[in-house]
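In what follows, a structure is listed as structure tokens, so that the remarks can point back to it.
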Amino acid sequence: MSGALLEVRSVAKSFGPVRAVADVSFEVARGEVFALLGGSGCGKTTLLRMLAGFERPDRGQILLDGADLADSPPHRRPINLMFQNHALFPHLSVRDNVAYGLRREGVAGAELARRTEEALALVRLEGLDARKPAQLSGGQRQRVALARALVKRPKLLLLDEPLSALDARLREETRAELLRLQRELGLAFLIVTHDQQEAMSMADRLAVMHDGGFMQVGTPRDVYARPATRHVAIFLGNANLLPAPADAAGRPGWLVLRPERIAISRVATGAGAVGAHIEDVAFEGDRTLLVARTDAGVALRIASAEPGWARGEPVFLAWDAAALHRVSA
Amino acid sequence: MRRVLALPGLWLALFLAVPFGIVLAMSFATADADRAPPVAFSLTLKNYALLFSDPLYLAAWIASLRIAATSTLVALLLGYPMALAIARAPRRRQPLLLALVILPFWTSFLIRVYAWMGLLADNGILNNLLKTLGLASAPGTILGTEWAVHLGIVYAYLPFMVLPIYAVLERQDRALLEAAADLGAAPWAAFVTITLPLSQPGIVAGCLLVFIPSVGEFVIPDLLGGTGTPMIGKVLWDEFFLNADWPLASAVAVCLLALLAVPIALFQRHHAERLR
């Protein structure tokens, strides 16, 4: 048996003429947080639904701990899913929502009460157990959904856009909470999201999906620093794309330059500095996003830690050669 | 604006409260065949006294409630799967299936009940079919029995069961069933623990919509039923048209209304509790 917890081998799925997932293979290790990142219609949701058992792959295999899941319906898979809109049962109390999965396994009596209590304590929902989902805040509902998915101690937890329904402050809190539980319980997470920050900040590794396939798989820092294609560069964070001279084989290319790698100053500092003037300023608190047009007419996005820039101001831009990353597609 | 809001109140007063007031007043009056209408106004309780002392009326009440209850149950057992099947059908096919449920309403209610007479008669289509298929040797009697009354009521009121249940099921979030499956519920368990309890308002509404008119049903027991125990709607009709005893008929009507107010009130309270 290999070390991987989840193995996806050449999985493909079409809906009529629409190819949703095309020949995708990857592995998730025990205790790993893996993120599938992509825009709407990229196939990430179909892939998630195949893992949960709601859709059958046309081709390929899904193995969990070496066992093929092809013939297991969703209710027999040791995988649980935290739904995007939580899908809490509106007619059941918080306690009954959390106990639902255990009851289906035939757990009853003191054992049921103990394990339900444990799961509620895990997400700090003690005291709210008699409420109905409609009486909870968004963050509390999120925690019920998490407790309900964790109570059966799945080997793998699937999370569908786990932070997207939450406001900014709650997102940070919830992210820390999710990762704390993931470490404490030694679980593997598979996160599906369209939000690059969500993916980069949570995942050990991520896969960027486009048109049903994987464009690149790697650690967030690696994929950010060395995107495989223009699409990945743009999708994962901000990027300036500069046309590059053709390579030895004659293929055209682009140079990826991240906005925070451009140094901006009011005086020319070195020989390589480029003259420009500021066209747009967006103050974001911890940083300021600028658009500057060089004297050669190229518009560049720049992230600066300094807030004091004004529109129309003449500036000088400089960057290291090491900050440029070449892509050919 | 105020006047517009007052309009429904006026409507209710004119077409509900006033007629009911007349019926209520008449139920305390005495029958007088020499007058037109045949009523002499008085303030007597003898109409009600008769209703509660004559075993014929009591038997009619019990028969009506029993037939209405069993018909409602049968309509529920038939209607729920129909509603579920329509709600789970592909969305573009649902309007057609719903139209099929409502289609019988395009024909007069009376004509449809007459049609059942032709189907169920001793020498009718059903008996001939059974004979041709060799499933029955002698024609069985269906028409004129309580079986025929049940059949007629279930047939006539089934759409009133299907539609409210469909309306509730159609709104149900499919993700809830996926969540149930994800948590280990086999399809049957998911139905019992999620779909069924969440469709309860539709079940209650459907049962009331079938039960309430069934209790007072007159046409179906009159045309399909036999000479045995009459249903209360038939009693009311007979008192009014055959015996020309308008006060007694009014008393029957008042009691019927009082009886049916109980389940309606229970439903309202249940509904209010759910909203809380």
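Points worth noting:
- With respect to the conditions (1) farther than 21 Å from B:A85 by Cβ; (2) crowded, with 22+ Cβ neighbours inside 10 Å; (3) free of Cβ contacts under 8 Å to residues at least 60 places away in the same chain, B:D222 falls short on a single one, namely (2).
- Applying the set (1) away from chain A (no Cβ under 14 Å); (2) modelled with pLDDT under 95 to B:V154 leaves exactly one unmet item: (2).
- Residue selection: B:A31 fails the criterion of being more than 27 Å from the chain's Cα centre (by Cα), loosely packed, with under 11 Cβ neighbours inside 10 Å and within 17 Å of B:D245 (Cα to Cα).
- Checking B:V162 against (1) open to solvent by 10 Å² or more (accessible area, probe 1.4 Å); (2) of a type in the set (V, I, T); (3) more than 13 Å from every other protein chain (Cβ to nearest Cβ), the condition it does not meet: (1)
- Any hit, segment A:167-185, residues being hydrophobic (A, V, I, L, M, F, W, C), in contact with a Phe, Trp or Tyr (Cβ under 6 Å, 6 or more places away or on another chain) and open to solvent by 20 Å² or more (accessible area, probe 1.4 Å): no
- The listed residue being surrounded by 12 or more Cβ atoms within 10 Å (Cβ to Cβ) and in contact with a Ser or Thr (Cβ under 9 Å, 6 or more places away or on another chain), out of A:R124, A:R131, A:R115: A:R131
- Test: residue in segment B:18-30 that is more than 29 Å from B:D222 (Cα to Cα) and part of a helix (DSSP H, G or I): yes
- Test result for B:A6, loosely packed, with under 14 Cβ neighbours inside 10 Å, among the small types (G, A, S) and part of a helix (DSSP H, G or I): yes
- Qualifying residue in segment A:95-111 (condition: open to solvent by less than 50 Å² (accessible area, probe 1.4 Å), more than 12 Å from chain B (Cβ to nearest Cβ) and touching a residue at least 12 places away in the same chain (Cβ under 8 Å)): no
- Criterion: over 26 Å from A:V232 (Cβ atoms) and not in a loop (DSSP other than H, G, I, E, B) - qualifying residue of A:V256, A:V291, A:V281, A:V267: A:V281
- Across segment A:13-24, the qualifying residues are those that are free of Cβ contacts under 8 Å to residues at least 24 places away in the same chain and away from chain B (no Cβ under 14 Å), and the one among them that is surrounded by the most Cβ atoms within 10 Å (Cβ to Cβ) is A:V18.
- Set A:V24, A:V33: member being closer than 28 Å to A:E198 by Cα, touching a Phe, Trp or Tyr at 6+ places or on another chain (Cβ under 7 Å), at pLDDT 95 or above and not hydroxyl-bearing (S, T, Y): A:V33
- Residue, most open to solvent (accessible area, probe 1.4 Å), within segment A:147-164, restricted to residues that are more than 12 Å from chain B (Cβ to nearest Cβ) and under 14 Å from the mean Cα position of the chain (by Cα): A:S164
- Tabulated pairs, segment B:39-60, first open to solvent by 40 Å² or more (accessible area, probe 1.4 Å), second modelled with pLDDT of 90 or more, C-beta under 6 angstrom, 6+ apart or interchain: B:L43/B:F28
- Close pairs from segment A:237-264: first over 18 Å from A:T288 (Cβ atoms), partner open to solvent by less than 50 Å² (accessible area, probe 1.4 Å) and at pLDDT below 85, Cβ under 9 Å, at least 6 apart: A:P252/A:A244; A:G253/A:A244; A:G253/A:D247; A:W254/A:A244; A:L255/A:A244
- Scanning segment B:68-101 for residues that are under 17 Å from the mean Cα position of the chain (by Cα) and without any contact (Cβ under 8 Å) to a residue 60 or more places away in the chain turns up B:L73, B:L77.
- So B:L209, is it open to solvent by less than 10 Å² (accessible area, probe 1.4 Å) and modelled with pLDDT of 90 or more: no
- Only one entry in B:G184, B:G216 is away from every other protein chain (no Cβ under 14 Å) and either closer than 24 Å to B:Q94 by Cβ or open to solvent by less than 40 Å² (accessible area, probe 1.4 Å) (or both), namely B:G216.
- Summed over segment A:29-83, the residues that are under 23 Å from the mean Cα position of the chain (by Cα), surrounded by fewer than 17 Cβ atoms within 10 Å (Cβ to Cβ), away from chain B (no Cβ under 11 Å) and in contact (Cβ under 8 Å) with a residue 24 or more places away in the chain give a count of 5.
- Filter result (within 14 Å of another protein chain (Cβ to nearest Cβ) and either touching a Cys at 6+ places or on another chain (Cβ under 6 Å) or in a loop (DSSP other than H, G, I, E, B) (or both)) within segment A:125-146: A:R131, A:K132
- Residues located in segment B:63-97, provided they are open to solvent by less than 70 Å² (accessible area, probe 1.4 Å), under 24 Å from B:I220 (Cβ atoms) and among the aliphatic types (A, V, I, L, M): B:A63, B:L65, B:I67, B:A68, B:A69, B:V74, B:A75, B:L76, B:A83
- Some residue of segment A:116-124 being without any contact (Cβ under 8 Å) to a residue 24 or more places away in the chain, of a type in the set (K, R) and more than 10 Å from chain B (Cβ to nearest Cβ): yes
The values are calculated or read from the model by the stated rules, or taken from the named source; none is laboratory data. The shown structure was predicted, so the numbers you read here are calculated from the model rather than taken from an experiment. Note: ideal-geometry Cβ built from the backbone for every residue, glycine included; neighbour counts use all protein chains shown. What goes into the accessible areas is simple: the full protein's heavy atoms, side chains included, and nothing from ligands, DNA or RNA. Shrake-Rupley method; radii C 1.70, N 1.55, O 1.52, S 1.80 Å.
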